[in-house]
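The values are calculated or read from the model by the stated rules, or taken from the named source; none is laboratory data. The structure presented is a predicted model; accordingly, all values stated were derived computationally and were not measured. Cβ coordinates were reconstructed from backbone atoms using ideal geometry, including for glycine residues, and neighbour counts include every protein chain displayed.
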């Protein structure tokens, strides 16, 4: 039984990883082929760092992900605060479900609806061109919002109200209470949300596909453009690098997580 | 004092309310607007009526994504079960291995899968060399390839939620079941499976929704011969200026998905969560 | 109400536009102008593998000759319809676009293009007369010009000699693309005009006569029949598919054959005997272009024989330059000879295929702009072809089984729930 389950796991992981392995291995291929390996070389990596277009796309992606994830986090914290403090239940529930829409909707519908908004508004105001950096920022911020709210809202709900009440009783203004008590408390959730929306924004293709313009092309759009024409092999080099970066981040996050978990376990043990 | 507080509260939440009205609600209203008007902006239900021409597309898309979701579940559930029964260290490694493809660009993974399975790709060449295949594999451009692409791309999204709900599952339930005389299979079906329903439901939706709306997978692996809903929508917005038709299709798809999400959520009522806790 | 809504949106959009404005301000201080060029994919010499980087060359030319700082923002499209939709919707604004003949005609009639000033494009004199002004059908016949030809060519069939033998009956004709022996090996165009073109040329009908709906219906039937045989509907993916040997038969533009041949010398090419399409891709300036002066300088630069030859040697398309006259030219003679040599190295018959007898003897009908009704008809037919699917019933059967299982599970779930509730109730009452 044990052996069987091991074989099974190995098979599934082989399915999951075969294409990624092909990309990683053949990015070191000296020939321009995805089927014959003709010797090790780093040529494609060299080419990648001379490809201004790819590097610009990478820079655009990073800028967009940074801006939109920060914006989404700020808005998300406000939203979660408002939802958790809403006096009326229906109001909270409406706000929560509205913010969930971009998460529940398929990406293509979000992208299309955003595009139609911009088309419609540009039509009313007679602006051209209407797609650009800012439409991308708006779209990315919007689809990141629910993920931030999702990670911040539980923190607000878990929070002990006596803390804020105590602060207010001791003379804090509501604003000061928010910054001194509530914000530090929800910070871990906000950081999770920030990281998640950064990653989502970096990875998004479908929504960007509908709201982007040629003067601001992100990495996924650049990759898409390559795959509908003829993929340059430097692309595979780039993807290999990205896979390793992601792997590194995941390992770090996991190690930090498990260390923290162990420490907590130990603390709990000591208390006992 | 009370009044001031509520005013502050209102002021604080206003940026979010404005944002969500402008960029979440308004876009959907625009979809509705475009779906219900013709090119000149006057009201018409022609677009919705014209959708009957796309009936087969809808059926095929739903069919493909249903099959892909079912296959993902059949592969993913046992895997999550096996993963949950390994030691903590291995479990951590496996989690990273599941998450890595999730964060790798879907475009690249799909393209690489195509290159792998294409005629003249590694699989085809190896099979030919082994004498198992005469000539071409001819797999890319078939419905099977599209379904395989969906399974491959979205499998991690099935495994992870199921796996998470399994690790949250209190091991004492399993022990109790064993003590009370359940064998392995009985424990699986009578204890583990019902208790992981929330994970299963979120896994199913996380595979079904992107599958039904994809256009890249069908373009690359289906060779453009299998027109899914996503392809149709994309074409209305990219190649031709037929926004109204595109909006109508999007609207119908959105309603379809929201209904199925609503039905799915019926299976994860609070009660089962209480039981898990 | 609508107005209030628009104002509200405007406020928000203005807030969103701040970074855009600030970038404009910065650009102005450095006096850098960005020229937006929108071209077909792989259609310019871009400095890849030691070729001339034409856009960088142009930026240099602007700095040195015109004393202006210009940055070329170059992006690509993969079909005329794609490009038209982008420009028409105003989603993005370009300074130079390079569409094909029939789209140019449509754009001129819709007032989307700017009238060009011949004086700003002196290099026009190097272009063969037959490709200029009133000699091409898509330009208005009143002396004004809206376009300057970039490349031209004909559509032909590319085949893999290892798979397709020259002795078979269908060889040399469009029939090869309908040959059942090559099921799964055929690639068809993924755009309506070219795809219907292949069928109409095969049938021997005009590709522009939308009045005759019976012809188009017949073409649709033919394409539906072909859908069972094709591996896929592709545009530029054809390069990868033909090079890697994934597919064996594809109709595509003559120039692209050489690009594929470079990587796979098992490929062959012919012009179908029934006649084919002649296309001219020409440079135009949209009427909403922001920098028409620089755009004209760009067009002029692209017509300079050494630059045009560099592009031709890169893309392998046929150049509208008057090559014969230029061969003896003092200034550019070497560039032309270099181009000839480069082409001969790529394929021994390259010049013959592009400019020679082989190309001349096949009859060719260009696409013309269709009437709005014709376009709607074509679009409907294309959608009909796209929706057509050849999937077998087994998929529906599997789906049905899944649905039945799901339904059964749901019913079972609710029955169990009710039973349990009853049980709880009875326990509670006890």
Would you call residue A:34 assigned to a loop (DSSP other than H, G, I, E, B), facing another protein chain (nearest Cβ under 7 Å) and either in contact (Cβ under 8 Å) with a residue 24 or more places away in the chain or under 33 Å from the mean Cα position of the chain (by Cα) (or both)? yes
Considering only segment B:208-216, I want to know if a residue exists there that is within 10 Å of chain C (Cβ to nearest Cβ), within 30 Å of residue C:84 (Cβ to Cβ) and touching a residue at least 40 places away in the same chain (Cβ under 8 Å). no
The residue from B:97, B:106, B:127, B:133 that alone is within 8 Å of another protein chain (Cβ to nearest Cβ) and surrounded by fewer than 19 Cβ atoms within 10 Å (Cβ to Cβ) is B:97
Would a scan of segment C:298-306 turn up a residue that is at pLDDT 95 or above, more than 22 Å from residue C:129 (Cβ to Cβ) and either out of contact with any strand residue (DSSP E or B) (no Cβ under 6 Å at 6 or more places or on another chain) or part of a helix (DSSP H, G or I) (or both)? yes
Given segment A:169-272, what helices (runs of 4 or more DSSP H) lie entirely inside it while holding 2 or more residues that are under 30 Å from residue A:82 (Cα atoms), in contact (Cβ under 8 Å) with a residue 60 or more places away in the chain and touching a helix residue (DSSP H, G or I) at 6+ places or on another chain (Cβ under 6 Å)? A:183-203, A:206-211
If residue C:251 passes every condition in (1) within 20 Å of the chain's Cα centre (by Cα); (2) over 27 Å from residue C:173 (Cβ atoms) but one, which one does it miss? (2)
Counting only residues that are within 21 Å of residue B:71 (Cβ to Cβ), give me the helices (runs of 4 or more DSSP H) lying completely in segment B:115-183 with at least 1 of them. B:122-129, B:143-168
Can you tell me which residues in segment B:246-257 are closer than 26 Å to residue B:149 by Cβ, more than 7 Å from every other protein chain (Cβ to nearest Cβ) and in contact with a helix residue (DSSP H, G or I) (Cβ under 7 Å, 6 or more places away or on another chain)? B:249, B:252
Selection within segment B:64-94 - facing another protein chain (nearest Cβ under 7 Å) and at pLDDT below 90: B:92
Answer yes or no as to whether residue C:312 is in a loop (DSSP other than H, G, I, E, B) and crowded, with 21+ Cβ neighbours inside 10 Å. no
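Is it true that some residue in segment B:185-197 is buried (at least 23 other Cβ atoms within 10 Å of the Cβ), touching a helix residue (DSSP H, G or I) at 6+ places or on another chain (Cβ under 9 Å) and either modelled with pLDDT under 90 or away from chain C (no Cβ under 12 Å) (or both)?
The answer is yes, given that some residue of segment B:185-197 is buried (at least 23 other Cβ atoms within 10 Å of the Cβ), touching a helix residue (DSSP H, G or I) at 6+ places or on another chain (Cβ under 9 Å) and either modelled with pLDDT under 90 or away from chain C (no Cβ under 12 Å) (or both).
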Given A:116, A:42, which one is away from every other protein chain (no Cβ under 12 Å) and more than 20 Å from the chain's Cα centre (by Cα)? A:42
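Tally up the residues in segment A:224-257 that are under 21 Å from the mean Cα position of the chain (by Cα) and over 14 Å from residue C:76 (Cβ atoms), please.
Total satisfying the criteria: 20.
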Does segment A:89-98 include one or more residues that are more than 11 Å from chain B (Cβ to nearest Cβ) and surrounded by 21 or more Cβ atoms within 10 Å (Cβ to Cβ)? no
Here are the criteria: (1) within 26 Å of residue C:388 (Cβ to Cβ); (2) surrounded by fewer than 19 Cβ atoms within 10 Å (Cβ to Cβ). Tell me which single one residue B:88 does not satisfy. (1)
Does segment C:352-365 include one or more residues that are in a helix (DSSP H, G or I), within 14 Å of chain B (Cβ to nearest Cβ) and surrounded by fewer than 15 Cβ atoms within 10 Å (Cβ to Cβ)? no
If you check residue C:232 against the conditions, is it buried (at least 16 other Cβ atoms within 10 Å of the Cβ), outside any strand (DSSP E or B) and within 14 Å of another protein chain (Cβ to nearest Cβ)? no
When every residue in segment B:20-51 that is more than 15 Å from residue A:113 (Cβ to Cβ) and in a helix (DSSP H, G or I) is compared, the one farthest from the other protein chains (Cβ to nearest Cβ) is B:48
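Output the residues belonging to segment C:88-103 that are more than 10 Å from chain A (Cβ to nearest Cβ) and modelled with pLDDT under 90.
C:88
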Restricting the search to segment C:191-208, which residues are at pLDDT 90 or above and outside any helix (DSSP H, G or I)? C:204, C:205, C:206, C:207, C:208
